[in-house]
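Single-structure report; data block below.
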Amino acid sequence: MLRPVLLTLAAASLVAAAALDAGCGSDVRDHSSSSSDGGDGGVGFPSSASSTGPGGAGPGSTGSGAHPPPPGPSHPGDGAGVVLAFSKLFLGDTDRQGAKSASAWKQFGFDIDGKISTEASTDLCAPAQGGKKSSVYPDGDSGIDNSFGKNLLPILSGVSADYSTQVNESISGGHFTILLDIAQLGAATDYNPLSTRAYRGGELGLAPKFDGSDAWPVRADSLLNPGDLASAKLQMPSSYVTGNTWVSGPSDAVLQLPLGSNGLDMTFTIHHVLLAMDLAPDHQSATNGTISGVLDTEEFIAELKKFAGAFSPDLCSESTIESIANQMRQTSDIMIDGTAGNPAQPCNAISIGLGFDARQMQLGGFQSAPPPAPDPCAPSPGG
């Protein structure tokens, strides 16, 4: 487990880094070694995938499960479709009812690698230099892989004590959302397949009502061809609905999720993303949503460095930022391809699990992305 370390800065800002506690292993569940959960060791749907909802008890789900329900028989879409927008995100510091809990992260995500991992496991990738399996593991409930929630979220919450609140205020203020355009979704409880596209919402310009009347503009950088909705970068052609649970389907999709705070942008690039949510009976909203995937460790560190430097220039010093970066590396618990790897391979990715609710939305016009912010830690010209 990670415990926050506060760094006192000249500007009197407090920033949390991470210190791996060599004696921390009290959260280990009663498993002597990692066991196969029926999976094939990769991102997708292990053969033991149950018919439970997306994970964590909630409306429309039958209980907690580490896998989404599998697709049913062929049933093409027969309706007008719907656009659902993220209305709330759960980062793992609260349960789905909003109650603060240090163990809430265990309920968010899926069993990505098909294993229930503990510090005694011998069939996993090796922790980064200085890292300890007793700190990264055990997994969450039923093998849920979510090192982000366990190890990184406390750091980000140390940087900004109201980190989760600020992320959700960005949504409720109309500054960003993720739009899921589910084509041909009708009134039935089962469909297979359904084509779904995802877009990043731009600036709405007002607080969304989330009643279907808002038209949220689409950010142009979520498209391959500006002005062409069909060219969404994130396409889910094999999505489906089973028992009113929508699932994105297996793919190599990448979700770019902006999760900054204090007015500072930080984009989480989630590889091999798998999404699921429980649709309301009228299919105009969803709860119990789950986002699961992996963060490329070095890619995430590069993004975090820019965020930290913008938060305080003092964090641009090589010794400080590299100390934080090394601690980030030590939270790696999985391989970038979503497999568990083996002890001869150093872990090079960080599993992540988040939750969300979604409400009906219309697609608005197109909005250009703002120019990328300069790297605050880049050396000045001629310097």
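Numbers below:
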| read-out | value |
| --- | --- |
| Filter result for ASP282 (farther than 19 Å from LYS150 by Cα, assigned to a loop (DSSP other than H, G, I, E, B) and either hydrophobic (A, V, I, L, M, F, W, C) or over 18 Å from the mean Cα position of the chain (by Cα) (or both)) | yes |
| The stretch 79-102: number of residues that are among the polar types (S, T, N, Q) and without any contact (Cβ under 8 Å) to a residue 40 or more places away in the chain | 2 |
| Enumeration of residues in the stretch 320-360 that are under 18 Å from LYS132 (Cβ atoms) and either assigned to a helix (DSSP H, G or I) or of a type in the set (D, E, K, R) (or both) | SER323, ILE324, ALA325, ASN326, GLN327, MET328, ARG329, ASP333 |
| Pair list, Cβ under 8 Å, 6 or more apart: the stretch 183-212 residue within 16 Å of GLY173 (Cα to Cα) and of a type in the set (Phe, Trp, Tyr), other residue modelled with pLDDT of 95 or more and in a strand (DSSP E or B) | PHE210/ALA85; PHE210/SER87; PHE210/ARG359; PHE210/GLN360 |
| Any hit, the stretch 361-380, residues being of a type in the set (Ser, Thr, Tyr), surrounded by 22 or more Cβ atoms within 10 Å (Cβ to Cβ) and either touching a helix residue (DSSP H, G or I) at 6+ places or on another chain (Cβ under 7 Å) or outside any strand (DSSP E or B) (or both) | no |
| Selection within the stretch 171-181 - of a type in the set (Ser, Thr, Tyr) and surrounded by fewer than 18 Cβ atoms within 10 Å (Cβ to Cβ) | SER172 |
| Residue match in the stretch 251-268 (condition: modelled with pLDDT under 95, under 17 Å from LEU89 (Cβ atoms), of a type in the set (Gly, Ala, Ser) and crowded, with 17+ Cβ neighbours inside 10 Å) | yes |
| Condition check for GLY309: modelled with pLDDT of 95 or more and small (Gly, Ala, Ser) | no |
| Number of the condition not met by VAL167 [criteria: (1) farther than 26 Å from TYR240 by Cα; (2) β-branched (Val, Ile, Thr); (3) more than 17 Å from the chain's Cα centre (by Cα)] | (3) |
| Tabulated pairs, the stretch 316-344, first free of Cβ contacts under 8 Å to residues at least 60 places away in the same chain, second not in a helix (DSSP H, G or I), C-beta under 8 angstrom, 6+ apart or interchain | ILE321/CYS377 |
| Whichever residue in the stretch 302-314 is touching a residue at least 40 places away in the same chain (Cβ under 8 Å) and within 25 Å of the chain's Cα centre (by Cα) and, among such residues, is surrounded by the most Cβ atoms within 10 Å (Cβ to Cβ) | ALA308 |
| Members of the stretch 120-142 that are assigned to a helix (DSSP H, G or I), over 22 Å from ASP296 (Cβ atoms) and touching an Asp or Glu at 6+ places or on another chain (Cβ under 7 Å) | SER134, SER142 |
| Considering residues of the stretch 120-135 that are of a type in the set (Gly, Ala, Ser) and at pLDDT 90 or above only, the residue nearest to THR331 (Cα to Cα) | ALA126 |
| Any hit, the stretch 136-159, residues being modelled with pLDDT under 90 and farther than 21 Å from PHE108 by Cα | yes |
| Enumeration of residues in the stretch 240-256 that are assigned to a strand (DSSP E or B) and touching a strand residue (DSSP E or B) at 6+ places or on another chain (Cβ under 6 Å) | TYR240, VAL241, THR245, TRP246, VAL247, VAL254, LEU255, GLN256 |
| Members of the stretch 96-114 found to be crowded, with 18+ Cβ neighbours inside 10 Å and assigned to a loop (DSSP other than H, G, I, E, B), listed by number | ARG96, PHE108, GLY109, PHE110, ASP111, ILE112, ASP113, GLY114 |
| Failed condition for ILE155, given (1) touching a helix residue (DSSP H, G or I) at 6+ places or on another chain (Cβ under 6 Å); (2) of a type in the set (A, V, I, L, M); (3) assigned to a helix (DSSP H, G or I) | (1) |
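One line per residue, one yes/no per condition, for (1) modelled with pLDDT of 95 or more; (2) touching a Cys at 6+ places or on another chain (Cβ under 9 Å); (3) in a strand (DSSP E or B):
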site	(1), (2), (3)
ALA161	no, no, no
THR165	no, no, no
ILE171	yes, no, no
LEU180	yes, no, yes
ASN192	yes, no, yes
TRP216	yes, no, yes
SER238	yes, no, yes
LEU274	yes, no, yes
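The values are calculated or read from the model by the stated rules, or taken from the named source; none is laboratory data. All values derive from a computational prediction rather than experimental measurement. With ideal geometry, Cβ positions are generated from the backbone for all residues, glycine too; neighbour counts draw on all protein chains shown.
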